[in-house]
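K.L.:
This is the structure, below, for whatever I ask next.
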Amino acid sequence: MKTRLALVIACSLVGLIAVGLVLNTGGMAATTSASPRLNPAALEPRELTAFMDGFMSSNLGRFHAPGASVVVVKEGAVVFEKGYGFADLGLQSSFTPNTRFRAKSVSKTFTATAVMQLEEGGQVALDAPVTSYLHGFTLPGGNEPPITLAELLTQTSGIGDRALGTMTSDRIAAADLRGYLQQRMPSRVAAPGTVFSYADHGISLAGLTVEEVSGLPFAQYMQDKILEPLGMSRSAFDPPLEGQSDLAVGYQFVSGSYRPAPVGYFYVAPAVSLVTTGADMGRFLIGMLGGAGDSLPILRPETVQLMEARHFALQPGGPGVAYGLYEWPEIGERVLVHGGLGHGFSNLLVLLPDRHAGFFVDTNSDEPKLRYALLCAFMDRFYPAQAATSKPIGDSDPGRFAGVYSDYRYQGRIEALKELFDQGTITARGDQTLSLSWAPGQWAEVEPLVFQNLDDPNQRIAFRTDASGQVIQAYGPHDDGYRKVPWYRTLAAYAAGTLVFVVLFMSVPMVWLVSGLRRRRRREITQHRWVKTVSGLGALVGLLNLGFLVGVPLELLPYAGLNGTQLDFGAPSSLVVLFAIPLVTAALAVMLAAVGILAWRAKTGTVLARTYFAVIIGAALLFPGFLSYWSLFGLIS
């Protein structure tokens, strides 16, 4: 949620100052900061060049992006395309409209388009169970209740997600979509159609449907039915990545310097594997906005309209979801977007269907701020707000919205920790507004269960309640879904429990060491065997569990804050060993308990000593349950 806070701040600040900055750029067409805003119907190349050049010169370095490309379309034609900065810092090669890059999650919009083609041809029904097209495929926990293609395209299938082990260096292995999903599909986190839960594996299941219904490998279908008809000749879902001089290097900004991001092939190809160019993305934008005379239509107008319609929202007045696209709240305009982020790239696809216009921006950095700052500045410059801000209506009990919120997405050992640390907080203020830890501003209720940012009226968040009126879900202000979690599922609760175990387990070896030194000073040669066994075995269990509690955060620390890491190739052996420790100490705890009972019955040692070790034994026995509660017990798979 820290990333989301940063990008919202970028929208609020950069979007406002970019206009003034771009109008005084050297070498541009003569304009002044006092010039009136453009007619929204006109996206003139001269004005776009002045705007984009100024924006990029001011913000590439500011948002840690070595290079970028932008394409803008209007009424079936490209009206602007240009590259900025460097595609490869080492070679100092320029980023151009023909530089190839990884489109990341923008791939999902292409996959949704493929599904819509099958629906248009009568080969699939969006409301049919997806498993009816995947013969012999079984979801974890069974195929009931059924998940539909429509739910996959709106990210409301209830399927969980994972990042660990989704990449490989073997291009051939990555092409086995069915094999991977059958073995590695995450279990469900919610009932279908009830929550927004963004998942690479869900949209990949839709991609598998495309593959099996069409009879073509997924990448081949995308090439034959979408990329080639649109003339996207430099784009593909399965191109080789090694030794490609025209492929931009993706960077991560770490400790004040750029470093290349990991490169590999994704098993979840329909979600993230498109490699394309700015120029090619202009052709896709045109295709999604009605097409042009020099390219074949990929969807009929009525199918495009169906795809771009709203199909999910928590509340009518809140942000909504289309098929493979998300509504960006913008006063007076309907804006549909889909972003891509990770492994050294950040990009954003933007459609304004009513204006027959759109743009796409990519940067070879996985910091997300620039793309949203550009969207805000672009809308302020060329499509300024036309409607009045809604008036707050107030709520009789704004405190019911307050609490800790978490997303639904990730499952797995490491992902469970990520979900904990990504939790955010909503606070009720005395003036009947809300504060969100992941987005600045004051949020006032403008419709039942819909709040608007008073500092940026384009931002909205919607809530859903259960039958008793308790708030259970939130969606917004962008494409993010959250569940409200009770206090005992919060990061604070986890931290408190962890601290208790750390103190107890740390005390055991210390007590063992101190008691040994004391006996040596007193020249006590013998020690009762049960006491010796309990103290020695307790010290071993304590040290091992302490090693797990301290070692895991230390191992994960180098990956913190990065969007896409080596962990996506699978857990390193050090983490595998660390997560095996609690399995060992669970067995040792049972042995420790048995020895402790014998020691207590023998009444060896003082009552205080026996009580202390009883507490330690109890902690050792409870520790596996504590880890299981937080999904941290078990081997990494």
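The values are calculated or read from the model by the stated rules, or taken from the named source; none is laboratory data. Bear in mind that the values here come from a model prediction, so they are computed numbers and not experimental data. All Cβ positions, even for glycine, are placed from backbone atoms using ideal geometry, and neighbour counts span all protein chains on display. The accessibility values were calculated without ligands, DNA or RNA, using every heavy atom of the protein model including side chains. Shrake-Rupley method; radii C 1.70, N 1.55, O 1.52, S 1.80 Å.
K.L.:
Identify the single condition in (1) of a type in the set (Phe, Trp, Tyr); (2) assigned to a helix (DSSP H, G or I); (3) open to solvent by less than 70 Å² (accessible area, probe 1.4 Å) that Phe633 does not satisfy, given that it satisfies every other one.
P.N.:
(2)
K.L.:
Criterion first (of a type in the set (Val, Ile, Thr), in contact with a His (Cβ under 8 Å, 6 or more places away or on another chain) and more than 30 Å from Ala261 (Cα to Cα)) does Thr585 satisfy it?
P.N.:
Here the answer is no, as Thr585 does not meet what is asked.
K.L.:
As an exercise: evaluate Thr585 against (1) open to solvent by 70 Å² or more (accessible area, probe 1.4 Å); (2) in contact (Cβ under 8 Å) with a residue 12 or more places away in the chain; (3) of a type in the set (Ser, Thr, Tyr) and give the number of the one condition it does not meet.
P.N.:
Checking Thr585 against (1) open to solvent by 70 Å² or more (accessible area, probe 1.4 Å); (2) in contact (Cβ under 8 Å) with a residue 12 or more places away in the chain; (3) of a type in the set (Ser, Thr, Tyr), the one that fails is (1).
K.L.:
Of the residues that sit in region 94-115 and are in a loop (DSSP other than H, G, I, E, B) and of a type in the set (A, V, I, L, M, F, W, C), which one is surrounded by the most Cβ atoms within 10 Å (Cβ to Cβ)? Please lay out each step first, then the result.
P.N.:
First pass over region 94-115, keeping only residues in a loop (DSSP other than H, G, I, E, B): 95-99, 103.
Imposing the further condition that a residue be of a type in the set (A, V, I, L, M, F, W, C) reduces the set to 95, 103.
Details: Phe95: 25, Ala103: 28.
Per the stated criteria, the residue is Ala103.
K.L.:
Within region 245-262, how many residues turn out to be in contact with a strand residue (DSSP E or B) (Cβ under 7 Å, 6 or more places away or on another chain) and part of a loop (DSSP other than H, G, I, E, B)?
P.N.:
Applying the first criterion (in contact with a strand residue (DSSP E or B) (Cβ under 7 Å, 6 or more places away or on another chain)) to region 245-262 yields 246-253, 258-261.
Now restrict to residues that are part of a loop (DSSP other than H, G, I, E, B): 246, 248-250, 261.
Residues in region 245-262 being in contact with a strand residue (DSSP E or B) (Cβ under 7 Å, 6 or more places away or on another chain) and part of a loop (DSSP other than H, G, I, E, B): 5 in total.
K.L.:
I'd like to know if region 164-173 contains one or more residues that are within 27 Å of the chain's Cα centre (by Cα) and under 30 Å from Gly291 (Cβ atoms).
P.N.:
Looking for residues that are within 27 Å of the chain's Cα centre (by Cα) and under 30 Å from Gly291 (Cβ atoms), one finds none in region 164-173, hence no.
K.L.:
Please work out if Gln470 is surrounded by fewer than 21 Cβ atoms within 10 Å (Cβ to Cβ) and under 24 Å from Ile331 (Cα atoms).
P.N.:
Values: surrounded by fewer than 21 Cβ atoms within 10 Å (Cβ to Cβ): yes; under 24 Å from Ile331 (Cα atoms): no.
So Gln470 fails the test.
K.L.:
Let me ask you something else. Go through region 149-188 and give me each residue that's over 22 Å from Gly215 (Cβ atoms), hydroxyl-bearing (Ser, Thr, Tyr) and crowded, with 22+ Cβ neighbours inside 10 Å.
P.N.:
Correct list: Thr154, Thr156, Ser157, Thr166.
K.L.:
Could you grab me the full set of residues in region 414-436 that are over 15 Å from Leu491 (Cα atoms) and surrounded by 19 or more Cβ atoms within 10 Å (Cβ to Cβ)?
P.N.:
Of all residues in region 414-436, those over 15 Å from Leu491 (Cα atoms) come to 427-436.
Those that are over 15 Å from Leu491 (Cα atoms) and surrounded by 19 or more Cβ atoms within 10 Å (Cβ to Cβ): Thr433, Leu434, Leu436.
K.L.:
Does region 93-110 include one or more residues that are among the small types (Gly, Ala, Ser) and over 30 Å from Gln182 (Cβ atoms)? Even if it seems obvious, please write down each step before you answer.
P.N.:
Of the residues in region 93-110, the ones among the small types (Gly, Ala, Ser) are 93-94, 103, 105, 107.
Still in the running and over 30 Å from Gln182 (Cβ atoms): 93-94.
So far as region 93-110 goes, yes, one or more of its residues are among the small types (Gly, Ala, Ser) and over 30 Å from Gln182 (Cβ atoms).
K.L.:
Kindly check whether there is at least one residue in region 225-232 that is open to solvent by 60 Å² or more (accessible area, probe 1.4 Å), closer than 23 Å to Ser169 by Cβ and not small (Gly, Ala, Ser). Break it down into steps so the answer makes sense when it comes.
P.N.:
In the first step, residues of region 225-232 are kept if they are open to solvent by 60 Å² or more (accessible area, probe 1.4 Å); the result is 225, 228.
With the extra rule that they be closer than 23 Å to Ser169 by Cβ, the set shrinks to none.
Checked against the condition, which is being open to solvent by 60 Å² or more (accessible area, probe 1.4 Å), closer than 23 Å to Ser169 by Cβ and not small (Gly, Ala, Ser), region 225-232 yields no hits at all.
K.L.:
Going by the conditions given, is Pro192 open to solvent by 10 Å² or more (accessible area, probe 1.4 Å), of a type outside the set (Phe, Trp, Tyr) and touching a residue at least 24 places away in the same chain (Cβ under 8 Å)? Before the answer, list the steps.
P.N.:
Details: open to solvent by 10 Å² or more (accessible area, probe 1.4 Å): yes; of a type outside the set (Phe, Trp, Tyr): yes; touching a residue at least 24 places away in the same chain (Cβ under 8 Å): yes.
In short, yes.
K.L.:
Under 6 Å between Cβ atoms, at least 6 apart or on separate chains: pull out the pairs that start in region 393-418 with a residue that is in contact (Cβ under 8 Å) with a residue 60 or more places away in the chain and end on any residue that is part of a loop (DSSP other than H, G, I, E, B) and hydroxyl-bearing (Ser, Thr, Tyr).
P.N.:
Close Cβ pairs satisfying both conditions: Val404/Thr490; Tyr408/Ser197; Arg409/Ser197; Arg409/Tyr198; Ala416/Ser631.
K.L.:
Of all residues in region 51-104, how many are at pLDDT below 95 and of a type in the set (Asp, Glu)?
P.N.:
Of the residues in region 51-104, 1 are at pLDDT below 95 and of a type in the set (Asp, Glu).
K.L.:
Oh, and also: Any residue at all in region 135-146 that is within 19 Å of Tyr221 (Cβ to Cβ) and open to solvent by 10 Å² or more (accessible area, probe 1.4 Å)? Quick ask: steps written out before the conclusion?
P.N.:
First, pick out the residues of region 135-146 that are within 19 Å of Tyr221 (Cβ to Cβ): 135, 137.
Now narrow it down to the ones that are open to solvent by 10 Å² or more (accessible area, probe 1.4 Å): 135.
Within region 135-146, one or more residues are within 19 Å of Tyr221 (Cβ to Cβ) and open to solvent by 10 Å² or more (accessible area, probe 1.4 Å).
K.L.:
Another one. Anything in region 342-372 that is out of contact with any Asp or Glu (no Cβ under 8 Å at 6 or more places or on another chain), within 18 Å of Asn458 (Cβ to Cβ) and modelled with pLDDT under 95? List them, or say none.
P.N.:
Scanning region 342-372 gives Pro368, Lys369, Tyr372.
K.L.:
Same structure, new question: When you go through Leu21, Leu13, Leu5 one by one, which is the residue that is more than 26 Å from the chain's Cα centre (by Cα) and either closer than 30 Å to Ala439 by Cα or at pLDDT 95 or above (or both)?
P.N.:
Working: Leu13 fails: more than 26 Å from the chain's Cα centre (by Cα); Leu5 fails: more than 26 Å from the chain's Cα centre (by Cα).
One residue alone meets the criteria, Leu21.
K.L.:
Let me spell it out: the conditions are (1) over 24 Å from the mean Cα position of the chain (by Cα); (2) among the aliphatic types (A, V, I, L, M); (3) open to solvent by 30 Å² or more (accessible area, probe 1.4 Å), and Val249 meets all of them except one. Which number is the exception?
P.N.:
All conditions are met except number (1).
K.L.:
Which residues, counting only those in region 122-142, are touching a Pro at 6+ places or on another chain (Cβ under 9 Å) and at pLDDT 95 or above? It would help to see each step written out before you state the result.
P.N.:
Residues of region 122-142 that are touching a Pro at 6+ places or on another chain (Cβ under 9 Å), as a first pass: 128-132, 140.
Ala128, Pro129, Val130, Thr131, Ser132 - these are the residues of region 122-142 that are touching a Pro at 6+ places or on another chain (Cβ under 9 Å) and at pLDDT 95 or above.
K.L.:
Considering only residues that are surrounded by 18 or more Cβ atoms within 10 Å (Cβ to Cβ) and over 21 Å from Asn364 (Cα atoms), which ones fall in region 50-89?
P.N.:
Across region 50-89, the qualifying residues are Ala50, Val73, Lys74, Val78, Val79.
K.L.:
Can you pull out the residues in region 209-223 that are more than 16 Å from His135 (Cβ to Cβ), part of a loop (DSSP other than H, G, I, E, B) and not aliphatic (A, V, I, L, M)? Spell out how you get there, then give the answer.
P.N.:
To start, the set of residues in region 209-223 that are more than 16 Å from His135 (Cβ to Cβ) comprises 216-223.
Those left that are additionally part of a loop (DSSP other than H, G, I, E, B): 216-217.
Matches in region 209-223: Pro217 only.
K.L.:
On to the next question. So which strands (runs of 3 or more DSSP E) are wholly in region 263-371 and hold at least 3 residues that are among the aliphatic types (A, V, I, L, M) and either surrounded by 22 or more Cβ atoms within 10 Å (Cβ to Cβ) or in contact (Cβ under 8 Å) with a residue 12 or more places away in the chain (or both)?
P.N.:
Working: elements: 275-277, 326-330, 333-342, 345-352, 357-363.
It comes to 333-342, 345-352.
K.L.:
If you go through region 125-180, how many residues are touching a residue at least 60 places away in the same chain (Cβ under 8 Å) and within 17 Å of Ser637 (Cα to Cα)?
P.N.:
10
K.L.:
Oh, and also: Taking Thr277 as meeting all but one of (1) under 21 Å from the mean Cα position of the chain (by Cα); (2) at pLDDT 95 or above, write down the number of the exception.
P.N.:
If we test Thr277 against (1) under 21 Å from the mean Cα position of the chain (by Cα); (2) at pLDDT 95 or above, just (1) comes out false.
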